[in-house]
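Novice: My questions all concern the structure below.
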Amino acid sequence: MTQLSAKQNIQAIVKAIKAEEAVLRQKYPLLAHQNTIGLVILLLSLSALIGVGVLYYLAIIPAWACIILAAMAASISHELEHDLIHKQYFSNQPLIHNFMMLTVWLMRPNTISPWYRRKLHLHHHKTSGTEQDLEERLVGNGIKNPFMRALVIVDGLLGLVINTKRFSKEIKGFSFLSVFNAGFPVTTTYFIILYSVIIFHTVNFFVPIEASTPALALEVLNVFEFMMIVLIVPNIVRSSSLNFVTSSMHYYGGVNNMLEQTHVITSRLFMPFHLFCFNFGKTHTIHHFVPNQPFYLRQMLSKKILDVMRQHNVRFNDFNSIKNANAYKAQAN
């Protein structure tokens, strides 16, 4: 059997993805209503997030259940943001499109502005696997030290601060203030709430200050603590899971073509993380070959396409790459 070139393998995968999409669209005419589907999914996930918060406020569900359910609802909004970045919904209707962009940002306040992220993400597709891919490097890709990697995965702000000097040297046009300001005002508010609660309770543990704290300040703290359960901690769970998965599956260094940008993660060990990032590791590689597809369509065609990818030299569960700071090696171990 003649061995195919990288270009031929890529073309075969793209052709298979588009063919399967055509089959699904013909089989399910509802898929033609892409704008409506996207908006309905957004409103349902937003309603779920609000509903879970109400249930927690009424003491109907415990904090741990609220955190888990809210994180799952927020994970859907990430997929919608990804689609919106690629203008999959209401691209010709700016008012609705931007309403959706704002809503998914509010549901995920620990991320930078989706309008700014659009620039980073489109650049990611052009530079994936290289030191110029700021989007992936911001979430831990290419970091070998496991402690530093975990820190960046969990806390994006600390990761940005720690890596600023290195990014300034290696990434063309990088600006700390540009990235930092892209979080104003939503992400800024998120970190104010997060660190206010952490600092207060840390200080109070060693030097009791609660009794002498003004009543108004305690009322604000109570609101912050409620937000921690219904929005802040759920998004830490969501983003940490997503960052861990995406920084594990993207290669960094040694990448020469689209086949070498990612590997597919199907391992059961990643199931808990996939729960909070909507099966990202199994489906994101499809997106690298055909970017302009809504996330639910990738889920629908993934079963057949993953088999095609395996046949055409896309790697699966290449966890040795993580030990090598995500480097793509000529031969998978």
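Novice: Consider Leu39 carefully, then state whether it is buried (at least 17 other Cβ atoms within 10 Å of the Cβ), in a helix (DSSP H, G or I) and without any contact (Cβ under 8 Å) to a residue 60 or more places away in the chain.
Specialist: no
Novice: Please specify each residue of segment 304-321 satisfying the condition of being in a helix (DSSP H, G or I) and open to solvent by 40 Å² or more (accessible area, probe 1.4 Å).
Specialist: Lys304, Asp307, Arg310, Gln311, Asn320
Novice: Could you list, ordered by first residue, the pairs with Cβ atoms under 8 Å in which the first is in segment 219-236 and part of a helix (DSSP H, G or I) and the second is polar (S, T, N, Q), at least 6 apart or interchain?
Specialist: Filtered contacts from segment 219-236: Leu221/Ser196; Leu221/Thr213; Phe224/Ser196; Ile232/Asn110; Asn235/Asn110; Ile236/Asn110.
Novice: Report, by residue number, each residue of segment 274-333 that is among the charged types (D, E, K, R) and more than 22 Å from Ser240 (Cα to Cα).
Specialist: Once the filter is applied, which keeps residues that are among the charged types (D, E, K, R) and more than 22 Å from Ser240 (Cα to Cα), segment 274-333 yields Arg298, Lys303, Lys304, Asp307, Arg310, Arg315, Lys329.
Novice: How many residues are part of a helix (DSSP H, G or I) and of a type outside the set (Ser, Thr, Tyr) if we restrict to segment 108-139?
Specialist: 16
Novice: Sort out which residues of segment 21-33 are under 18 Å from Ile286 (Cβ atoms) and out of contact with any helix residue (DSSP H, G or I) (no Cβ under 9 Å at 6 or more places or on another chain), and write them in order of number.
Specialist: Ala22
Novice: A further question on this structure: Tell me, please, whether a residue that is within 19 Å of the chain's Cα centre (by Cα) and under 30 Å from Thr36 (Cβ atoms) can be found in segment 125-143.
Specialist: Yes - at least one qualifying residue is present in segment 125-143.
Novice: Those residues that are buried (at least 22 other Cβ atoms within 10 Å of the Cβ) and either among the polar types (S, T, N, Q) or farther than 17 Å from Glu81 by Cβ (or both), I need them from segment 275-300; list them, please.
Specialist: Selection gives Gly281, Lys282, Thr283, Thr285, Ile286, Phe289.
The values are calculated or read from the model by the stated rules, or taken from the named source; none is laboratory data. None of these values were measured; they are calculated from a predicted model. Using ideal geometry, Cβ is built from the backbone for each residue, glycine included, and neighbour counts are taken over all protein chains shown. All accessible areas refer to the heavy atoms of the entire protein, side chains included, with ligands and DNA or RNA removed. Shrake-Rupley method; radii C 1.70, N 1.55, O 1.52, S 1.80 Å.
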